Amino acid sequence: MSIGIDKINFYVPKYYVDMAKLAEARQVDPNKFLIGIGQTQMAVSPVSQDIVSMGANAAKDIITDDDKKHIGMVIVATESAIDNAKAAAVQIHNLLGIQPFARCFEMKEACYAATPAIQLAKDYIEKRPEEKVLVIASDTARYGIQSGGEPTQGAGAVAMLISHNPSILVLNDDAVAYTEDVYDFWRPTGHQYPLVAGALSKDAYIKSFQESWNEYARREGKSLSDFESLCFHVPFTKMGKKALDSIINDADETTQERLTSSYEDAVYYNRYVGNIYTGSLYLSLISLLENRSLKGGQTIGLFSYGSGSVGEFFSATLVEGYDKQLDIDGHKALLNDRHEVSVEDYESFFKRFDNLEFDHDTEQSNDDTSIYYLERIQDDIRQYHRPE
């Protein structure tokens with residue numbers, strides 16, 4: 001019996017900053033952001049959207065009342081934890097009204113954690129055909145105003161329902177992980193923002209990809225021609241392209257053209273959202289599924305990476321009729337209906353987020369009662385608005 005992704009959805013806050021305008025404000029050539037790193041817009045998170053509310057918003061539209069009765073585990077993958085003890089999964093479990101006899105916990109390894117979460121989910125339900133697992137990748141990528149990493153920030157969440165006989169993708173039994181202790185990106189306890197060794201981070205990413213891909217190809221006897229498309233973790237859209245370019249010359253011309261073309265479809269959404277850490281690979285997967293014509297039975301390769309570092313290459317097979325499970329119109333509306341904020345307003349949003357200074361009038365939190373949002377913090381307890 002096959003196991004894989006039965007449903008998938010994403011959520012991003014309703015604000016963004018234009019990258020060309022951010023570049024101008026930072027006295028940088030706009031093409032450094034638009035072309036150099038390949039980003040057009042960057043999602044901006046208000047105080048009212050944290051990893052819990054974004055995760056719940058990503059999940060609420062794909063899980064039914066029947067799903068809630070069969071979800072036996074909720075896993076939140078994040079590197080933006082809001083509590084050092086209590087798991088965000090417990091709060092999301094409560095907000096969504098999932099049946100009480102479910103395991104709930106968080107996983108952490110930089111941007112990689114959602115991948116071991118779905119692999120764990122796959123193993124968990126292998127002998128539990130009636131159960132399902134909800135995996136949520138939710139993060140707010142923050143490097144600081146006028147920092148070197150500022151143009152690679154973002155915010156958002158991806159929710160995936162893992163089950164037997166999935167409707168979208170079957171996860172194949174072929175994952176290869178590569179681990180190396182590298183200080184390319186890390187955030188020691190007590191540090192508000194991460195520490196980044198920029199050049200090392202890019203090199204570590206590409207090395208991790210090459211090592212995991214080469215070992216995968218050796219073990220499985222596969223080549224690039226076996227894949228219809230490849231998806232990458234994309235902290236910025238040019239990062240995955242650098243990794244792809246590092247091996248693309250090993251393929252025939254037809255394969256090169258196909259993988260290069262499909263890569264652009266796979267990063268289309270990411271270009272307008274920015275970095276969402278644990279959810280970046282899976283936002284790219286949604287972008288590929290919704291912006292490219294694919295067929296059931298085709299194989300997609302996926303590369304997951306988390307600084308520090310762990311990389312993993314694995315594959316999944318498309319299910320016939322997968323496109324009927326997607327919400328293309330809803331996702332495009334979510335991105336197109338966002339509000340642009342000025343660089344000055346973005347900086348104000350950023351500082352209020354750091355200081356947990358609520359301003360629901362400015363952020364128009366009350367305008368959309370159909371979503372979850374953080375309403376207040378009282379006695380260090382977060383209280384959320386539930387959709388009407």
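What to note about this one:
- Only one of L289, L318 that is closer than 26 Å to R219 by Cβ and either without any contact (Cβ under 8 Å) to a residue 60 or more places away in the chain or not hydroxyl-bearing (S, T, Y) (or both): L318
- Any hit, the stretch 120-140, residues being of a type in the set (K, R), under 19 Å from H191 (Cβ atoms) and crowded, with 18+ Cβ neighbours inside 10 Å: no
- Single residue of D181, D174 found to be closer than 22 Å to P116 by Cα, open to solvent by less than 70 Å² (accessible area, probe 1.4 Å), part of a loop (DSSP other than H, G, I, E, B) and modelled with pLDDT of 95 or more: D174
- For beta carbons closer than 8 Å, sequence separation of 6+ or different chains, a first residue in the stretch 256-271 that is free of Cβ contacts under 8 Å to residues at least 60 places away in the same chain and a second that is surrounded by fewer than 21 Cβ atoms within 10 Å (Cβ to Cβ) and outside any helix (DSSP H, G or I), the qualifying pairs are R258/E228; L259/F227; L259/A251; S262/E228; S262/R292; D265/R292; A266/R292.
- Subset of the stretch 57-69 [open to solvent by 60 Å² or more (accessible area, probe 1.4 Å) and touching a residue at least 24 places away in the same chain (Cβ under 8 Å)]: D61, K69
- Restricting the stretch 8-32 to residues that are over 22 Å from A137 (Cα atoms) and basic (K, R) leaves a set whose member that is surrounded by the fewest Cβ atoms within 10 Å (Cβ to Cβ) is K32.
- Single match in I5, I51, I75, I92 (criterion: over 30 Å from L356 (Cα atoms), open to solvent by less than 10 Å² (accessible area, probe 1.4 Å), among the aliphatic types (A, V, I, L, M) and touching a residue at least 12 places away in the same chain (Cβ under 8 Å)): I5
- Just one of the listed residues (G190, G149, G144, G156) is touching a Phe, Trp or Tyr at 6+ places or on another chain (Cβ under 7 Å), under 24 Å from I51 (Cα atoms), open to solvent by 10 Å² or more (accessible area, probe 1.4 Å) and not aliphatic (A, V, I, L, M), and it is G149.
The values are calculated or read from the model by the stated rules, or taken from the named source; none is laboratory data. On a predicted model such as this, the values are computed, not experimentally measured, just so you know. Cβ: placed from backbone, ideal geometry, glycine included. Neighbour counts: every protein chain shown. When the accessible area is computed, the model is the full protein with side chains, heavy atoms only, and any ligands, DNA or RNA have been set aside. Shrake-Rupley method; radii C 1.70, N 1.55, O 1.52, S 1.80 Å.
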